[in-house]
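*Asks:* Encoded as structure tokens, here's the structure I'll be asking about.
Please treat every number below as a calculation from the coordinates, not as lab data. These figures come from a predicted structure and were not determined experimentally. In this analysis, Cβ positions are derived from the backbone assuming ideal geometry, glycine residues included, and neighbour counts consider all displayed protein chains.
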Amino acid sequence: MAIHHGRGFASINYPIGMNLGGDPSQALVHSTPDGKFKVTLSSIDLGQGIKSVGRQLAAETLGVPVEDVFVDTADSDTGPHDMGSFASRGTHRMGNAIIRAATEARAQLLEAAAEELEVDASDLVTDGRGNIHVKGAPSRSITVEATATAAQFNQGRTLAGRGMFLVPLSEVDRDTGEMTPVSSFAHAALIIDLTVDDETGEVEVQHINSAYEVGRALNPRLVEQQLIGGAWMGVSHALYETTEPYYPDRSHGPIDFNHYLQPGPGDAVPHHISVLERPAPDAPFGGKGPGEMCANPVLPAIANAVFNAVGVECDSLPITPEKVLRGIRANGGARPQGRPGA
Amino acid sequence: MNAEYRKDLFADERSDDFNVIGKPVIRQDILGHVTGRSKFYDDHAFDGLLHMRCVRSPHHHARIRSVDSSAAERQDGVVRVLGGRDVPVNTNTLLSLINFGRDDEPLLATDKVGYVGQPILAIVATSVRAAQEAVDAVKVDYEELPHVLDVEEALKPEAPIVNEEYPNNAFDYFDTYDHQKLRFGDVETAFSKADHIVEGEYQMSPIEQAPIETCGAIAAPETSDRITVHTSTQALFFSVGVTAKQLDISSARLHFIGGTVGGGFGGKVDSHHEPLAALACLAAGKPVKYMWDRAEEMQVGGPRGGERWRIKDGVMRDGRIIARAFTGFFDAGAYTRLSSYAVQKSTGHLPGPYSIPNVASNVYCVFTNRTPSTAMRGFGITAVDFAIERHMDKVARAVGMDPIELRILNAYRDGDMKAHRREAKNCALIESCQAVAQKSGWSLSAEAARASSKSGGGEGALGVIPETVTDDEGRVGERRRSGLAPEPFSGHGTRGLLPEGHSSNNSSAFGNAPQREDMEAEIERLGFKGASGVPPAPQGPVDETASSARPTMPTETAHATHPAGARGGPSLPAAYVQRPAGTINQPISQPPAQAPGTPVAQQPPAAEAESESAATHFQRGVRRPGVSRFISGSRRR
């Protein structure tokens with residue numbers, strides 16, 4: 001009886017956005033009289049961070065400090081239509097809508113500033129710290145706040161923008177399956193190191209090394225949180241979770257977290273992440289949605305590592321100790337495959 | 001836990017000079033979350049709040065002979081007992097919002113139940129306990145029916161009918177087939193030429209989304225004859241649309257508030273709570289909460305479906321995969337929800353991030369007598385990736401190759417033709433493989449370490465839409481009558497042949513152009529450089545000597561029916577190259593969509609497909625009764 005080490009690999013890509021399009025998102029941006037910008041959406045923030053990423057996209061596009069932007073979301077009386085937070089579409093679809101709304105608002109902002117400075121709007125730039133100045137002449141400047149006040153009380157001008165992003169609906173061909181699924185794909189490759197106890201069948205994931213290509217990490221901390229959480233979910237899917245343990249039999253379905261197993265905080269696996277960024281041309285600043293895809297490579301990589309450790313094919317999830325043990329017994333004992341890539 | 005940013009990779013396609021983008025800005029809502037002060041739907045308190053519990057089926061499949069709720073109605077605290085006949089539009093399908101599929105699921109079951117836990121009555125009472133005690137006092141007389149739980153059993157002729165709207169136990173695609181097809185090249189001939197055949201079957205388990213906050217909604221009367229709904233929905237206007245449809249009221253009377261949600265993972269798209277809570281609120285004239293407990297969340301809430309996938313690969317000795325066939329079964333449970341759509345999403349994902357010149361798949365959306373499955377993180381993709389990546393390791397073993405090198409050899413690259421007939425671009429699988437191997441001490445051959453997503457793509461057979469064998473197997477009802485094998489090309493039906501380059505449409509995956517010029521951001525402010533992901537311009541004949549780390553796919557093996565000489569020409573017809581519709585977000589200038597002198601005639605007539613879809617019920621711009629006011633696009637099934 002022994003503990004066997006195993007190493008497994010998997011690589012994937014992931015479509016970003018609702019598969020066949022036809023899923024619009026709208027955003028509205030407007031300024032208060034003192035130059036603070038409100039972004040009004042109906043996106044849902046379920047922890048993935050659309051409020052925060054939307055705020056950054058708006059601030060960058062407007063050219064104002066992020067502290068001066070606030071995202072108000074999901075009130076159907078005020079937020080314009082959005083399809084929803086699913087299919088990795090939030091950052092891609094809503095992000096583009098926000099950029100467009102903020103671009104229109106920025107144009108108004110620069111026009112108002114141009115009137116105050118008596119220059120041409122096309123000669124103006126923002127410094128991202130709350131000032132607008134003439135290109136190459138930082139001393140000829142006005143604050144965003146003063147501009148907004150002038151626009152509101154002197155010029156009678158709104159500093160507002162509307163944004164809409166819609167990928168047109170695509171048809172699927174019934175005979176060939178031809179379709180235009182999505183325009184941008186995220187990528188991942190991952191190596192799992194684990195051990196298998198050939199006496200108990202228990203699998204313990206020791207380490208995850210991953211590389212995720214996300215287009216652009218719009219907020220690196222949010223990306224890391226997604227990737228760490230997603231890998232945790234991947235481990236959980238691979239080894240523990242199911243609502244129907246004897247699928248397709250319906251019996252013994254868990255009804256609480258005593259019977260629905262998931263790894264606890266102490267089971268979180270050490271994880272080294274590499275983030276790659278190849279910007280997608282139609283994505284906001286090139287960023288792809290990293291949230292959905294990040295669990296996917298973990299499942300097969302764990303199954304491949306279990307095979308590498310003891311020679312048992314685990315093609316049915318979850319990979320319970322019972323399945324591993326039955327596999328080892330059917331093979332007449334553990335059959336370690338040797339370290340790959342050595 | 002630590003992370004490194006490989007800024008060295010793809011640096012020529014990116015500028016990183018920003019004020020806010022790429023910075024670890026603190027979450028806008030995090031202080032409220034970590035101090036426990038963020039308001040979730042259940043944090044909205046109302047005087048006299050009523051609570052709802054449902055009478056649920058104890059059977060997998062049964063006819064409802066009668067329901068006696070008289071004892072329940074007399075119990076203390078019970079305010080209302082609602083049944084399916086109290087719901088103005090009781091039957092719905094979630095994707096009627098995009099005109100996909102037929103209404104097949106009752107909000108509250110009336111004549112029969114199709115799964116354990118299906119709601120029959122909704123009881124509104126002054127407390128959760130009073131509601132539950134009333135639920136326990138309801139007597140339902142059931143006539144149990146035979147049930148089916150396995151997807152492949154459900155497709156057999158003798159299987160009981162799960163869902164009367166789809167009497168073949170499979171979703172109808174295009175009113176024509178009982179599955180979604182993918183056909184690219186000629187898998188059968190390629191299998192006969194392959195050195196190895198590798199087969200496998202893979203099973204995904206049903207999985208609970210397990211949000212910390214269970215699904216629910218509170219509906220409260222607002223002044224001015226409106227209803228305010230606080231909801232955990234992941235899709236605010238989806239839920240508004242479903243509620244307006246099922247209650248048959250104007251959306252002007254609905255005010256939905258959400259947006260701060262305690263985890264979703266896909267399980268909060270189904271929009272069942274909002275219509276029931278709003279209906280009860282209308283009936284009782286008081287605020288009503290409908291919230292699942294954990295048991296309901298786990299067994300009544302739609303889980304990730306149990307998908308089954310079979311893969312058959314034809315592989316050459318050197319590791320090149322020349323043919324791949326899939327047979328996939330999505331276990332939808334008793335009603336469609338979103339599974340029909342996930343089938344198409346998975347089909348668009350095949351054969352994974354690899355360039356394989358011959359691909360075929362049959363994917364089924366199957367009805368069984370279990371809780372309807374729904375979206376979950378990676379919907380339509382997670383199980384396919386499990387299958388494909390398990391299978392890739394088996395292929396590596398069959399040819400005695402390093403598993404990562406096998407993937408790099410077969411990886412898709414910019415310019416390759418994907419099986420759904422669109423050109424690959426913005427690829428980064430190879431670089432991801434190299435990055436993880438390098439830091440993990442997994443040594444790769446010099447050739448694999450040198451490979452690049454940006455070179456060698458679109459060459460030879462991998463750059464064109466091949467001549468394709470088609471078939472008409474699996475017409476709606478055929479399997480039910482005679483029992484057919486589910487695999488592609490299982491031997492019956494009529495074969496057809498589509499010429500090289502065939503494309504039935506050229507719709508764009510790119511977004512609409514901004515409606516006004518001043519909504520169009522300046523490209524240089526968006527951080528794009530170089531040619532990231534832009535489809536290559538039509539070019540001259542491929543220079544074979546330029547192909548560095550990628551062996552050319554031999555044409556005679558890849559497409560046995562296809563003359564070698566026909567392929568080398570000036571890449572593919574421009575009509576098939578996907579180009580952005582708008583002008584925003586294009587980092588570099590584009591060649592004209594139609595290159596001068598490119599023969600348009602290569603696009604075959606689409607008359608057959610047109611006439612068939614025109615005959616379907618749902619056409620563009622045509623309203624039908626019960627269709628939501630929130631249709632965001634119309635589509636043909």
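*Asks:* Determine the shielding of peptide B:290-301 by partner chains: average, over its residues, the number of Cβ atoms on other chains within 10 angstrom of each Cβ.
*Replies:* The per-residue average across the peptide is 3.
*Asks:* Still on this model: Among the trypsin sites (Lys or Arg not before Pro) within the range B:57-92, which fall in a DSSP loop and have no more than 10 other Cβ atoms within 10 Å of their own Cβ?
*Replies:* Loop-located and lightly packed - B:Arg74.
*Asks:* Mean residue ellipticity at 222 nm from the helices of the protein assembly as shown, using -39,500 (n - 2.57) per DSSP H segment of n ≥ 4 over the full residue count, to the nearest 500 deg cm²/dmol? Please report the intermediate quantities before stating the final value.
*Replies:* On the way: 22 runs with 216 residues, N = 979.
The helix contribution divided over the protein assembly as shown gives -6500 deg cm²/dmol.
*Asks:* Under a point spin-label approximation (7 Å from Cα along Cα-to-Cβ), what is the A:His252-B:Ile26 distance to one decimal in nm?
*Replies:* 4.8 nm
*Asks:* Stretched out fully, how many nm does the piece from A:Glu322 to A:Lys38 gain, at 0.36 nm a residue minus the Cα gap?
*Replies:* Full extension from A:Glu322 to A:Lys38 adds 96.7 nm.
*Asks:* OK, next. I need the trypsin sites (Lys or Arg not before Pro) found in the range B:272-331, filtered to DSSP loop residues with at most 16 other beta carbons within 10 Å of theirs.
*Replies:* Loop-located and lightly packed - B:Arg317.
*Asks:* Still on this structure: Cβ neighbours within 10 Å, averaged per peptide: list B:2-9, B:383-390, B:135-142, B:417-424 in order, most packed at the top.
*Replies:* Values: B:2-9: 14.2, B:383-390: 27.8, B:135-142: 16.6, B:417-424: 24.5.
Per-residue Cβ counts within 10 Å, averaged per peptide and sorted highest first, yield B:383-390, B:417-424, B:135-142, B:2-9.
*Asks:* Average partner chain C-beta neighbours within 10 Å, per residue of B:408-416? Write down the numbers at each step before the final one.
*Replies:* Working: counts 2, 0, 0, 4, 2, 0, 0, 0, 0.
Per residue, the average neighbour count from other chains is 1.
*Asks:* If you don't mind, another one. Could you pull out the pairs from A:Lys323/B:Lys439; B:Lys139/B:Lys289; A:Lys51/B:Lys286; B:Lys23/B:Lys345 whose alpha carbons sit more than 26 Å apart here?
*Replies:* From the list (A:Lys323/B:Lys439; B:Lys139/B:Lys289; A:Lys51/B:Lys286; B:Lys23/B:Lys345), the Cα-Cα distance tops 26 Å for A:Lys323/B:Lys439; A:Lys51/B:Lys286; B:Lys23/B:Lys345.
*Asks:* What ranking, highest mean first, results for peptides A:304-315, B:157-168, B:222-233 when packing means the other Cβ atoms within 10 Å averaged over each residue? Could you put the intermediate results ahead of the total?
*Replies:* Numbers: A:304-315: 24.2, B:157-168: 17.7, B:222-233: 20.2.
So the peptides A:304-315, B:157-168, B:222-233, ranked by packing, come out A:304-315, B:222-233, B:157-168.
*Asks:* Net charge around B:Leu50, counting only other residues with Cβ within less than 10 Å of its Cβ (Lys, Arg = +1; Asp, Glu = -1)?
*Replies:* On the way: positive: B:Arg80, B:Lys286, B:Lys289; negative: none.
Once all neighbours under 10 Å are counted, the net charge is +3.
*Asks:* Please compute the average number of Cβ atoms from other chains found within 10 Å of each residue's Cβ in peptide A:65-78.
*Replies:* Per-residue shielding by partner chains comes out at 4.
*Asks:* A further question follows. If you add up the charges near A:Glu178, with Lys and Arg at +1 and Asp and Glu at -1, over every other residue whose beta carbon is less than 12 angstrom from its beta carbon, what do you get?
*Replies:* +3
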